[in-house]
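Just so it is clear, none of the values below were taken in a lab; they were calculated from the coordinates. Being a predicted model, the structure only gives us computed values, none of them experimental. Note: ideal-geometry Cβ built from the backbone for every residue, glycine included; neighbour counts use all protein chains shown.
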Amino acid sequence: MAEKLRIGWIGTGVMGSSMAGHLLTAGWPLTVYSRTKAKADALVAKGAQWADSPRAVAAASDIVFSIVGFPSDVEEVMLGEDGALRGLARGGIVCDMTTSSPALARRIAEAASARGCAALDAPVTGGDVGAREARLSIFVGGDKAAFERAEPCFAKMGQRLLHCGPAGSGQQAKLANQAAVAGVMFSVCESLLFAQEAGLDVAQWLELVVPGAAGSTAMGTLGRRLLKTDYAPGFFIDHFIKDLGLCLEECRRLGLVLPGVTLADEFYRMMQAQGSGRQGTQALIQCLATLSGKEWRKHD
């Protein structure tokens, strides 16, 4: 390890607990905070130190990572009265890994610079499995020197890493990724539903398709979950709606019309309104089936 950095971590949910755990296992001293303390218990049991606020985390750290829910949460844990930037010493780095607003990322970078610190925006893709297996893709925006200092930490959390440019560009890169995911989810769910209603052996069909041109990571992972009618979240519908909204906000700023993103936003908002917001994005198949008066079934 090139530098014995003291690491702070804010947010130990589905993704954050695994990501922070990799850093702890690698030997960095780790201080953690989560809104729900019990979600950090496993990390504390393995040697992490608990702190009572983001500010307290930062006071004990050289680099503070966060991965929380929504831009409002990011603003609170970074810029709030008890936020990380209030406790971070000069020369420190804050790195938000939540999928959030590019404009907010730029604001955090400006606030960090005013305090003699640096900020990175580094959202990830790969879901809960990628987080557990340390094979995330990480999109990083912000100061290049800060990126290089944090790079050994990123290497323990993911397999693919790109410095995308100045503050906010990591978020923009992730939102471009989410535009692709919106289309892929329709691809996976519509094709599986068609195969079922055509009377095919859906499980065998899926195994034939996954390695070919119609295959995708989502087809291989979420498609197999759908065979079991498993709607557990690798990624919550609630959070995907947040991402799609951020993407559409950027589209308006850039003068872009993306019908696929707009359609996905409408479908997932409909599901959220019907109480499915805490399901995984693959639950879209239920909504599509209902449109035709059908029901998605388990396929063993």
Which whole-angstrom value gives the distance between the alpha carbon centres of the range 15-65 and the range 136-172?
20 Å
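Per DSSP H run of at least 4 residues, take -39500 (n - 2.57); add these up for the chain, divide by its residues and hand me the 222 nm value, nearest 500 deg cm²/dmol. If you can, show how the numbers build up before the last one.
Working: 14 runs with 156 residues, N = 300.
Value at 222 nm, helices only: -16000 deg cm²/dmol.
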Ordering of 44-50, 100-106 by packing [mean C-beta count within 10 Å, highest first]:
100-106, 44-50
Rounded to the nearest 10 degrees, what's the angle between the helix 237-254 long axis and the longest principal axis of the chain, both from Cα atoms, 0 to 90?
80 degrees
Excluding residues fewer than 8 places away in the same chain, name every one of the lysines whose C-alpha is closer than 28 Å to that of residue 39.
4, 156, 174, 228, 242
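Label the range 29-79 by shape, choosing from rounded, prolate and oblate, from the square roots a ≥ b ≥ c of the eigenvalues of the Cα gyration tensor; if a/c is under 1.5 it is rounded, and otherwise prolate applies when a/b is larger than b/c, oblate when it is not. Spell out each step's value before the answer.
Numbers: a/c = 2.21, a/b = 1.37, b/c = 1.61.
Verdict is oblate for the range 29-79.
Report the equivalent ellipsoid semi-axes for the chain in whole Å, largest first, defined as the square roots of five times the eigenvalues of the gyration tensor built from alpha carbon atoms.
Working: eigenvalues 260, 83, 57 Å².
Semi-axes, largest first: 36, 20, 17 Å.
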Step through the residues of the range 268-273 one at a time and calculate ³J(HN,Hα) from phi using the Karplus curve (6.51 cos²θ - 1.76 cosθ + 1.60, θ = phi - 60°), rounding each to whole Hz and writing x for Gly and Pro.
5, 5, 4, 5, 4, 5
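Using only the Cα atoms of the range 111-256, build the gyration tensor, take square roots of its eigenvalues as a ≥ b ≥ c, and label the shape rounded, prolate or oblate: rounded if a/c is under 1.5, else prolate if a/b is larger than b/c, else oblate. Could the numbers behind the result be given before it?
On the way: a/c = 2.89, a/b = 1.95, b/c = 1.48.
Note, shape of the range 111-256 comes out prolate.
Indicate the gyration tensor shape class of the range 7-167 (rounded, prolate or oblate), computed on the Cα atoms with a ≥ b ≥ c the square roots of the eigenvalues: a/c under 1.5 is rounded; otherwise a/b larger than b/c is prolate and the rest oblate.
Since a/c stays below 1.5, the shape of the range 7-167 is classed as rounded.
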Based on DSSP, what percent of beta bridges with both residues in the range 7-167 are antiparallel, to the nearest 5?
15 percent
Share antiparallel - DSSP beta bridges, the chain, percent rounded to 5:
15 percent
Angle between the Cα long axis of helix 169-197 and the longest principal axis of the chain, 0 to 90 degrees, nearest 10?
20 degrees
Relative frequency of Cα-Cα separations exceeding 25 Å in the range 173-291, percent:
23 percent
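Order 18-30, 175-187, 120-132 from most to least packed using the mean count of other Cβ atoms within 10 Å.
120-132, 18-30, 175-187
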